[in-house]
1. Suppose the filter is more than 30 Å from GLN35 (Cβ to Cβ), in contact with a His (Cβ under 7 Å, 6 or more places away or on another chain), surrounded by 13 or more Cβ atoms within 10 Å (Cβ to Cβ) and free of Cβ contacts under 8 Å to residues at least 60 places away in the same chain; does GLY153 pass it?
2. Report whether or not GLN230 is surrounded by 10 or more Cβ atoms within 10 Å (Cβ to Cβ) and either within 26 Å of the chain's Cα centre (by Cα) or modelled with pLDDT of 65 or more (or both).
3. Can you name every one of the strands (runs of 3 or more DSSP E) wholly within region 31-90 that holds 1 or more residues which are farther than 30 Å from CYS107 by Cα?
4. Quickly run through region 169-204 and pick out the residues that are assigned to a loop (DSSP other than H, G, I, E, B), open to solvent by less than 50 Å² (accessible area, probe 1.4 Å), within 23 Å of CYS100 (Cβ to Cβ) and not aromatic (Phe, Trp, Tyr).
5. Show the residue pairs meeting these rules: Cβ distance below 6 Å; 6+ apart or different chains; first residue within region 173-191 and of a type outside the set (A, V, I, L, M, F, W, C); second residue open to solvent by less than 40 Å² (accessible area, probe 1.4 Å) and assigned to a strand (DSSP E or B).
6. Scanning for something of a type in the set (A, V, I, L, M, F, W, C), at pLDDT 90 or above, closer than 22 Å to MET172 by Cβ and surrounded by 10 or more Cβ atoms within 10 Å (Cβ to Cβ), does region 15-35 turn up at least one residue?
7. Is it true that some residue in region 76-85 is within 30 Å of the chain's Cα centre (by Cα), hydroxyl-bearing (Ser, Thr, Tyr) and at pLDDT 95 or above?
Amino acid sequence: MGLLDELEQQAQQRKASADDEQKRKSQREEVFRTQLEPGMNALHEFLGKLVANLKLLQPKKQLRFALVGYGDIVGYIEHEYDLKSSQQPGSREIVLGFPCLVASEECPTVEVIGASKVKTVAGAFQRYHLGGLLEPKKDGNGEVVSAKFNAKGRIPMTATFSADADSAAVRMNFVNFDSLGTATKNVPAAQLNESTFDAIGRYLMREDSNLFQEALSDSFRAQLRTKVQQDQIKRRWESKISEQQKADLARMKQEQSLTGRFAKPVVKESKPDAGPSWIDRVKGLIKK
């Protein structure tokens, strides 16, 4: 192949790759326009109705957050909701925030001894915007070497839903829900439906929810069923082989027992006394 032919081939490959990328981009934009954007609108409407009902009903919901070095922080959701929505060309974001009020009287008062341990717990309190450092004691260098902690303050809880034409999916971030920190889940555009909205609502209300339970594809379910069936067959055969081995062993023991019962006893034959040897007889004759 000549130089010009090689260059022409490379140019065609690059053009085909660019065309494929443009095609995929167009498809993602189509998904955003026809599925994601309407789905996000429906989600925003759902969250608005959810917030309105929660403000009216004011359900009391206790939350617990484990904090290393301290213990469980106990709090209750305050129904002060802030629902915001922003939109840009090709993207959409919904943010729902509300606080959890720490119930100090239900939280432990923990005495922490040791400068490094005090720093660890105090740093965690500061990271989550908590107060409650009590009775600090310092050494000669002014460093706190012991203190008591009783958590107080508010823990911010935030749910963020982001969608854009590049990913063709909704990214969900939940801050300080199941634990202190962030939980993330991506949901395809096709799954923005009432079932998913219901799971989101229950998760936000801290009720039982299947939001973070991954759905299994039909092919994967079929693979699991086949694997289970194979394991069941394997266990049945192993059980049969084990039973057969036990039966064989019992039969062998029985045969050995019968053989031992009817076998003739082995008697050791004793040789007759040959009397004195010929040398001894000769010696006796000489003496005579």
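1. yes
2. Against the criterion (surrounded by 10 or more Cβ atoms within 10 Å (Cβ to Cβ) and either within 26 Å of the chain's Cα centre (by Cα) or modelled with pLDDT of 65 or more (or both)), GLN230 qualifies.
3. On the way: elements: 62-67, 71-77, 82-88.
Strands (runs of 3 or more DSSP E) meeting the threshold: 82-88.
4. So the first thing to find is which residues in region 169-204 are assigned to a loop (DSSP other than H, G, I, E, B), and the list is 176-181, 192-193.
Okay, now just the ones that are also open to solvent by less than 50 Å² (accessible area, probe 1.4 Å), so 176-177, 180-181, 192.
If we keep only those that are within 23 Å of CYS100 (Cβ to Cβ) too, we end up with 176-177, 180-181.
If the condition is that a residue be assigned to a loop (DSSP other than H, G, I, E, B), open to solvent by less than 50 Å² (accessible area, probe 1.4 Å), within 23 Å of CYS100 (Cβ to Cβ) and not aromatic (Phe, Trp, Tyr), then ASN176, LEU180, GLY181 are the ones that fit.
5. Here the result reads ASN173/THR160; ASN176/ILE155; ASN176/MET157; LYS185/MET172; ASN186/ALA169; PRO188/ALA169, each pair linking region 173-191 to a residue that is open to solvent by less than 40 Å² (accessible area, probe 1.4 Å) and assigned to a strand (DSSP E or B).
6. no
7. Our first condition is that a residue be within 30 Å of the chain's Cα centre (by Cα); within region 76-85, this holds for 76-78.
Among the residues that remain, those that are also hydroxyl-bearing (Ser, Thr, Tyr) are: 76.
Checking the rest, the ones that are also at pLDDT 95 or above come to 76.
Within region 76-85, one or more residues are within 30 Å of the chain's Cα centre (by Cα), hydroxyl-bearing (Ser, Thr, Tyr) and at pLDDT 95 or above.
Here is a yes/no grid of residues against (1) closer than 20 Å to ARG202 by Cα; (2) free of Cβ contacts under 8 Å to residues at least 40 places away in the same chain:
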| position | (1), (2) |
| --- | --- |
| LEU57 | yes, yes |
| LEU67 | no, no |
| ILE77 | yes, no |
| GLU80 | yes, yes |
| GLN88 | no, yes |
| GLU93 | no, no |
| ALA115 | no, yes |
| LYS119 | no, yes |
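The values are calculated or read from the model by the stated rules, or taken from the named source; none is laboratory data. As the structure is a prediction and not an experimental result, all values here were calculated from the model. Here Cβ is always computed from backbone atoms with ideal geometry, including for glycine, and neighbour counts include all displayed protein chains. Areas reflect the complete protein model, heavy atoms only, side chains present, ligands, DNA and RNA absent. Shrake-Rupley method; radii C 1.70, N 1.55, O 1.52, S 1.80 Å.
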